[in-house]
Amino acid sequence: MFREDLLLGKVAIITGGGTGLGKSMARRFAVLGADVAIVSRNKEHLESTMNELKDEGYSISYRQCDIRDPGQIEEAVDSIIDEFGKVDILVNNAAGNFVSKTEMLSPKAFDTILKITLNGTVYFTLEMGKRWINSGSKGTILNMIATYAWTGSAYVVPSATAKAGVLALTRSLAVEWGPKGIRTVAIAPGPFPTGGSTKRLLPSEDMLDLLVSRNPSKRLGTHAELANLAAFLVSDEASFINGEVITIDGGEWLSGAGQFNMLSSLTEDAWEEMRRRR
Ligand code: HXC
């Protein structure tokens with residue numbers, strides 16, 4: 001759906017780019033001409049994704065880095081700039097999450113998720129923002145959040161509170177850093193199956209069927225759909241979009257919100273009976 005050179009000349013960092021949606025965005029950005037640096041803790045994932053994309057002929061590199069440590073982020077960015085000369089795009093995609101009754105969580109469990117999902121995003125954003133501002137360069141930040149950043153969600157409270165923080169960060173920096181040429185946007189993905197988090201977050205396979213049946217679009221999202229949205233949002237074609245969150249969930253969160261949405265389950269006979277009574 002895009003010009004093949006949409007991201008030509010751009011350098012993009014994608015945290016958590018070794019697996020899942022991060023990997024799909026890495027491939028899409030590379031196909032559209034970007035130089036891509038993927039960053040995560042897991043060297044095995046990073047290496048295998050890099051080799052896969054290199055074999056397909058794309059420009060990709062990796063840095064092993066724990067985003068909870070600002071020192072490691074600084075080192076990674078230094079060395080990415082040494083290799084590619086600059087950074088134009090930061091995708092804050094890395095996150096941690098687990099499903100648990102909230103009363104079962106220890107303070108350390110809460111810290112573990114907040115440190116990755118909120119602090120890690122803030123640290124990487126600060127590192128890039130300061131560099132862009134000091135050098136007078138333009139930059140784009142894309143934050144991956146979740147619809148429960150504004151609805152909240154039972155059983156994933158550390159993640160929901162962290163994502164709510166990332167949403168506030170997105171909207172705050174859009175205004176504060178917008179005049180400096182830094183654009184901050186976010187995507188709230190709905191159900192997109194990924195090997196790792198789907199397995200860990202859903203108690204059983206049946207849950208996938210439930211996600212489909214309750215979705216107004218009656219299906220799950222595909223990685224290509226998510227990666228295309230991300231590519232558009234980080235491209236210059238979206239340069240007037242700032243501080244916005246784009247939800248891509250087939251209508252999932254809204255279907256749980258509208259007071260009369262439950263009427264979707266009425267049969268034709270029941271509708272006819274309602275009409276007759278009127
Ligand atoms: C309750 C748990 C727990 C669980 C860990 N803890 N798992 N508590 N339920 N399932 C607690 C531990 O008991 C411990 O506290 C503390 O958390 C730290 O545990 P560690 O095992 O040492 O944590 P660590 O290995 O550092 O990391 C945990 C993790 C990990 C971040 C969740 O599993 C991980 O790296 N996951 C991969 C990343 C990920 O989850 N990505 C998917 C994100 S999806 P105590 O006090 O006992 O010592 C996402 C968006 C979802 O974010 C949107 C959906 C639409």
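The values are calculated or read from the model by the stated rules, or taken from the named source; none is laboratory data. As the structure is a prediction and not an experimental result, all values here were calculated from the model. Ideal geometry is used to build each Cβ from the backbone, glycine not excepted, and the neighbour counts take in all protein chains shown. With ligands, DNA and RNA removed, areas are computed over all heavy atoms of the protein, side chains included. Shrake-Rupley method; radii C 1.70, N 1.55, O 1.52, S 1.80 Å.
Does Lys23 qualify as being touching a Ser or Thr at 6+ places or on another chain (Cβ under 8 Å) and within 14 Å of the ligand (Cβ to nearest atom)? Criteria met by Lys23.
Restricted to the range 99-115, and to residues there that are among the hydroxyl-bearing types (Ser, Thr, Tyr) and farther than 29 Å from Arg131 by Cβ, the residue that is surrounded by the fewest Cβ atoms within 10 Å (Cβ to Cβ) is Ser106. Checking every residue in the range 6-28 against the condition of being farther than 30 Å from Val156 by Cα and touching a helix residue (DSSP H, G or I) at 6+ places or on another chain (Cβ under 6 Å) gives at least one match. Are any residues in the range 1-25 more than 12 Å from Leu142 (Cβ to Cβ) and within 10 Å of the chain's Cα centre (by Cα), and if so, which ones? Residue satisfying the conditions is Gly16 alone. When each of Gly196, Gly258, Gly221 is tested for being within 16 Å of the ligand (Cβ to nearest atom) and outside any helix (DSSP H, G or I), the lone residue that passes is Gly221. Can you tell me which residue in the range 43-81 is nearest to Val11 (Cα to Cα), limited to those that are in contact with a Leu (Cβ under 9 Å, 6 or more places away or on another chain) and open to solvent by 30 Å² or more (accessible area, probe 1.4 Å)? Result: Ser59. All conditions in (1) under 13 Å from the mean Cα position of the chain (by Cα); (2) more than 18 Å from Phe124 (Cα to Cα); (3) more than 9 Å from the ligand (Cβ to nearest atom) hold for Ser204, with the sole exception of (1). In this structure, Ala94 qualifies as of a type in the set (A, V, I, L, M, F, W, C) and under 21 Å from Lys10 (Cα atoms).
Is it the case that the range 229-252 has a residue that's open to solvent by 60 Å² or more (accessible area, probe 1.4 Å), in a helix (DSSP H, G or I) and over 24 Å from Lys23 (Cα atoms)? No, the range 229-252 contains no residue that is open to solvent by 60 Å² or more (accessible area, probe 1.4 Å), in a helix (DSSP H, G or I) and over 24 Å from Lys23 (Cα atoms).
Could you say whether any residue in the range 71-79 is among the hydroxyl-bearing types (Ser, Thr, Tyr) and near the ligand (Cβ under 10 Å from one of its atoms)? No, there is no match, as no residue in the range 71-79 is among the hydroxyl-bearing types (Ser, Thr, Tyr) and near the ligand (Cβ under 10 Å from one of its atoms). Return the total of residues in the range 234-257 being closer than 16 Å to Val91 by Cβ and either touching a His at 6+ places or on another chain (Cβ under 9 Å) or of a type in the set (Gly, Ala, Ser) (or both). Residues in the range 234-257 being closer than 16 Å to Val91 by Cβ and either touching a His at 6+ places or on another chain (Cβ under 9 Å) or of a type in the set (Gly, Ala, Ser) (or both): 2 in total.
Residues that are more than 16 Å from the ligand (Cβ to nearest atom) and part of a loop (DSSP other than H, G, I, E, B) were ranked within the range 116-149; the one that is surrounded by the fewest Cβ atoms within 10 Å (Cβ to Cβ) is Gly136. So which residues in the range 82-98 are open to solvent by 50 Å² or more (accessible area, probe 1.4 Å), at pLDDT 95 or above and either under 23 Å from Ala149 (Cβ atoms) or β-branched (Val, Ile, Thr) (or both), if there are any at all? Across the range 82-98, the qualifying residue is only Ala95.
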